[in-house]
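> Here you go, one structure.
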Amino acid sequence: MSDLVAHLVAERGDFLLDIELECRPGEVVALLGRNGAGKSTALAALAGLLPLTGGRIAVGDAILDDPGSDRFLDASHRSIGVVFQSYLLFPHLSVLANVAFGLRARGRSRGDSQRIALDWLRRVGLEDRAKARPSALSGGMAQRVALARALAPEPELLLLDEPLAALDAEIRDSVRSELAIRLREHTGCAVLVTHDPVDAEVLADRILVLDHGRIVQSGTVDELRRDPISAYVAALFPAE
């Protein structure tokens, strides 16, 4: 596994994102901010869904996007796993086939893919739901399946787009705890996009606070709480 080193310059209409981001293998970095701060734009650029207009994205020696040298790898050619807010499971496939999908797409045999997928379902406590369709799952179960699907191929870069936002309050804590365990096991880089400071505090090693397409402060939770740069950051992490 390799470091992620990125300078993200991207445009969406009148909005301009310009941030620098680094992530070490085994580290979770959170992008935290209000709606419209640039979090989703950053995630789309990292995922290969939005080409950069400037800057560069590299994972180790692999250049994923570099407008200066006309280099761009689309999402299908990047070693990434993505967990979306709305799960995006394939409704016509079983739970097992959903988790195995990314493995098959990367050339693993059917037998290996099913074996690895079943192991991941066991890890997230859903082995007994392997034959079920996604429509038979609760929201918390569906998000755990989406997490297993993203992690099963052992991606170098894991991207999490508000992974707990769609869950009811009564199950959010349990899924957050499950997610924290799986992120600690992940040996690649992980970037979490969230508007919730609790998610950032529990799941991330380091937090980048975004506002209007720029990083206004970065650090650990303790650093942000001890020395907030603004009233906004202070409100995110009030003194204990």
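> Is at least one residue of the range 189-200 out of contact with any helix residue (DSSP H, G or I) (no Cβ under 7 Å at 6 or more places or on another chain), at negative phi and of a type in the set (S, T, N, Q)?
No, the range 189-200 contains no residue that is out of contact with any helix residue (DSSP H, G or I) (no Cβ under 7 Å at 6 or more places or on another chain), at negative phi and of a type in the set (S, T, N, Q).
> On to the next question. Please note which strands (runs of 3 or more DSSP E) are completely contained in the range 147-232 and include at least 2 residues that are within 17 Å of V29 (Cβ to Cβ) and under 15 Å from the mean Cα position of the chain (by Cα).
157-161, 189-194, 206-211
> From the list R122, R115, R104, R108, pick out the single residue that is outside the structural domain of L49 (by the TED database) and either closer than 29 Å to D173 by Cβ or touching a His at 6+ places or on another chain (Cβ under 9 Å) (or both).
R122
> Considering only residues that are of a type in the set (A, V, I, L, M), buried (at least 18 other Cβ atoms within 10 Å of the Cβ) and over 15 Å from E20 (Cα atoms), which ones fall in the range 45-55?
Hits for the range 45-55 are A47, L50.
> Further, regarding this structure: Do you know which of the residues in the range 56-102 that are aromatic (F, W, Y) and either crowded, with 18+ Cβ neighbours inside 10 Å or within 14 Å of the chain's Cα centre (by Cα) (or both) is modelled with the highest pLDDT?
Per the stated criteria, the residue is F101.
> Does S135 meet the test of being surrounded by fewer than 23 Cβ atoms within 10 Å (Cβ to Cβ), of a type in the set (S, T, N, Q), part of a helix (DSSP H, G or I) and assigned by the TED database to the domain that holds D112?
yes
> Could you say which residue among L31, L8, L4 is more than 25 Å from A146 (Cα to Cα), surrounded by 19 or more Cβ atoms within 10 Å (Cβ to Cβ) and hydrophobic (A, V, I, L, M, F, W, C)?
L8
The values are calculated or read from the model by the stated rules, or taken from the named source; none is laboratory data. All values derive from a computational prediction rather than experimental measurement. With ideal geometry, Cβ positions are generated from the backbone for all residues, glycine too; neighbour counts draw on all protein chains shown.
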